[in-house]
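The values are calculated or read from the model by the stated rules, or taken from the named source; none is laboratory data. Source: prediction; values computed, not measured. Here the Cβ positions follow ideal geometry from the backbone for every residue, glycine too, while neighbour counts run over all protein chains shown. The accessibility values were calculated without ligands, DNA or RNA, using every heavy atom of the protein model including side chains. Shrake-Rupley method; radii C 1.70, N 1.55, O 1.52, S 1.80 Å.
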Amino acid sequence: MAKKAAVLALNPVNGAGLFQYLEAFYENGIGYRVFAVADTTEIATNSGIALRADDTVANLLGRAGEYDALVFACGDAVPVFSQNAEKQYNRDMLAVIAEFAEAGKIMAGHCAAALMYEMAGVSEGRRLAVHPLAKGAIVKGSATDSPSETDGNFYTAQTENSIPAMIGPLVEALKG
């Protein structure tokens, strides 16, 4: 039986990355819900396309038991996060990441996902693919130069262009 994924979508989200996950999940019968890392379900891609998520990250807190995986769909994560680090939705996002990781759920994402895992305190000892500009910020995990990494239940890709290298193993884990 296929598993179910909670997808975190930043505002703005990288549409090319987000849609790779959603299409792969849809085509493989993997259930998912998209949670906006924002105060509202109304978000946009970083190219300006308006989207409506299923819910907000605040409503994902305490619900790790309902999902088998957490997917971090990056966008302009680093600059947007740094400008809004004090916002409740960013604190909620870090709490959700910690909750899912502590529950042993599949953790997947691209670009700055590894950086968010580091900030949430769940990257220790993990090999992680991360955007080259964020590589230096990974101190507890091990940032690699690989386009993608699978380390236990963590699936990471450097950028949206390297998601295809990671999506096959991720889909297989979610189908199993």
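Rolling a 1.4 Å probe across the protein heavy atoms gives the stretch 1-136 an accessible surface of 42 Å² per residue.
Local charge for Ala58 was computed over the other residues whose Cβ lies under 14 Å away, with Lys and Arg +1 and Asp and Glu -1, and equals -1.
For Ala50 and Asn161, the FRET efficiency from 1/(1 + (r/R0)^6), where r spans their Cβ atoms and R0 equals 35 Å, is about 0.90.
For a Förster distance of 25 Å, can you work out the FRET efficiency between the beta-carbons of Arg91 and Asn59, rounded to the nearest 0.05?
The pair Arg91/Asn59 has a calculated efficiency of 0.95.
When all protein chains stay in place and ligands, DNA and RNA are ignored, the 1.4 Å accessible-area order of Thr45, Thr40, largest first, is Thr40, Thr45.
So in the chain, what percent of DSSP beta bridges are antiparallel if you round to the nearest 5?
Details: 8 of 33 bridges.
Percentage antiparallel, nearest 5: 25.
Calculated mean residue ellipticity at 222 nm for the chain: -9500 deg cm²/dmol, from DSSP H runs with n ≥ 4 weighted as -39500 (n - 2.57), summed, divided by the residue count and rounded to 500.
The 3J(HN,Hα) values that the Karplus relation (6.51, -1.76, 1.60; θ = phi - 60°) gives for the stretch 149-157 are, in residue order, 9, 10, 9, x, 8, 9, 10, 10, 10 Hz. Gly and Pro appear as x.
Within a Cβ distance under 14 Å of Val130, other residues only, what is the Lys/Arg minus Asp/Glu net charge? Taking every other residue near Val130 into account, the sum is -1.
Taking Cβ atoms as reference points and 15 Å as the exclusive limit, the residues near Asp92 contribute a net charge of -1, counting Lys and Arg as +1 and Asp and Glu as -1. Label-to-label distance, Asn28 versus Asp145, with points set 7 angstrom from Cα along the beta-carbon direction: 2.9 nm. Of the three principal axes defined by the Cα atoms of the stretch 72-176, the extents in descending order read 37, 29, 23 Å.
When His110, His131 are compared by accessible surface with a 1.4 Å probe, the order from highest to lowest is His131, His110. Comparing Asp55, Asp68, Asp151 in a Gaussian network model of the chain, where Cα atoms under 10 Å apart are tied by springs, the biggest mean-square fluctuation is seen for Asp151. Cross-link partners for Lys87 among the aspartates and glutamates, with Cα-Cα distance under 15 Å and sequence neighbours closer than 8 places in the same chain left out: Asp39.
In the chain, excluding the sites themselves, the longest stretch lacking any of the GluC sites (Glu not before Pro) that are in a DSSP loop with at most 11 other Cβ atoms within 10 Å is 1-85. The H on the amide N of Tyr155, modeled in the peptide plane, is under 5 Å from the matching H of Met107, Ala108, Gly109, each at least 5 residues off or on a different chain.
Classified by the C-alpha gyration tensor, the stretch 127-176 has an oblate form. Its axis ratio a/c, with a ≥ b ≥ c, is 1.5 or above, and a/b does not exceed b/c. With contacts taken as Cα pairs under 8 Å and at least 6 residues apart, the chain reaches a relative contact order of 22 percent.
A crude spin-label estimate for the pair Glu124 and Ala16, with each label 7 Å from Cα along the Cβ direction, gives 3.6 nm.
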